[in-house]
Every structure is written in C-alpha cells, then in structure tokens.
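Okay, structure first, notes after.
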Amino acid sequence: MPTTNGQGLPLPVVTNIDDLIVNNEALSLAPNPAAQQVRIQYEIASRAEVSFRLYDMTGRVVWSNEVNKVAGAHDMTLDLNQIAPGSYTLIMGYDNRVSYQRLQVAK
C-alpha cells in the first residue's frame, strides 16, 4: 500500500536521502506573482502518477492534485480565486523525484 500525505496523495518512498532526486528546473510557475490563476509547467522523465501540493507558510496544504502522465512536458492551470494572498510553496513529486517552486499570490 503506498504511503500517503494524510490527504490520500501518494508520497515518494525514500529509504535513503541519497536516493531522492531534486530537480527544480522540471517545474515552473507563470505568472509569479499571480492573482487569478497560475500556469504550472512541468516535465517528467517517465510515465508516473504525479502529485502536486500547495503549502501555505504554516505548512497547511491548501490545494492538491494528482495526475497520471506519460514522460515529457505538461502543463495545467491552477485557479487562485479561493487562495488567499500570501506566499506558498508548490511541491511536485513522483517516483523518487521532487521539484518545488515558491508562489506569491497577490490580489
């Protein structure tokens, strides 16, 4: 059974910190700062179930999504109308890979 983040989204299982691959160039956000929506562009190296989590500055998950994708470049739009102004961190994870970017929401 996969490990989840408490919200039902699978997390990469890492048994050794050296096995974790961080690649922040695989994830980008535009515009940033954003007001109404932000475009999430990402690239994955293999077919995978990809988890996205947006954290506020207190560590609370304010948005999450999970998609199954083939290897390559992808994008999606996140509607920010229900997200309060502030600073956030978007984390994308699949397999043993993690990418993150800061997001500033300004209204």
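Could you please let me know if Tyr88 is of a type in the set (Phe, Trp, Tyr), free of Cβ contacts under 8 Å to residues at least 40 places away in the same chain, surrounded by 19 or more Cβ atoms within 10 Å (Cβ to Cβ) and closer than 22 Å to Val22 by Cα? Don't jump to the end; show me each part of the working.
On the way: of a type in the set (Phe, Trp, Tyr): yes; free of Cβ contacts under 8 Å to residues at least 40 places away in the same chain: yes; surrounded by 19 or more Cβ atoms within 10 Å (Cβ to Cβ): yes; closer than 22 Å to Val22 by Cα: yes.
Considered against the rule, which asks whether it is of a type in the set (Phe, Trp, Tyr), free of Cβ contacts under 8 Å to residues at least 40 places away in the same chain, surrounded by 19 or more Cβ atoms within 10 Å (Cβ to Cβ) and closer than 22 Å to Val22 by Cα, Tyr88 comes out as yes.
Being surrounded by 13 or more Cβ atoms within 10 Å (Cβ to Cβ), within 28 Å of Gln104 (Cβ to Cβ) and modelled with pLDDT under 55 is a property that Leu9 has.
On inspection, Ile21 qualifies as aliphatic (A, V, I, L, M), surrounded by 14 or more Cβ atoms within 10 Å (Cβ to Cβ) and modelled with pLDDT under 95.
Across region 67-107, the qualifying residues are those that are touching an Asp or Glu at 6+ places or on another chain (Cβ under 6 Å) and more than 20 Å from Asn32 (Cα to Cα), and the one among them that is modelled with the highest pLDDT is Asn68.
The values are calculated or read from the model by the stated rules, or taken from the named source; none is laboratory data. Every value quoted in this text rests on a predicted model; they were computed, and no experiment measured them. In this analysis, Cβ positions are derived from the backbone assuming ideal geometry, glycine residues included, and neighbour counts consider all displayed protein chains.
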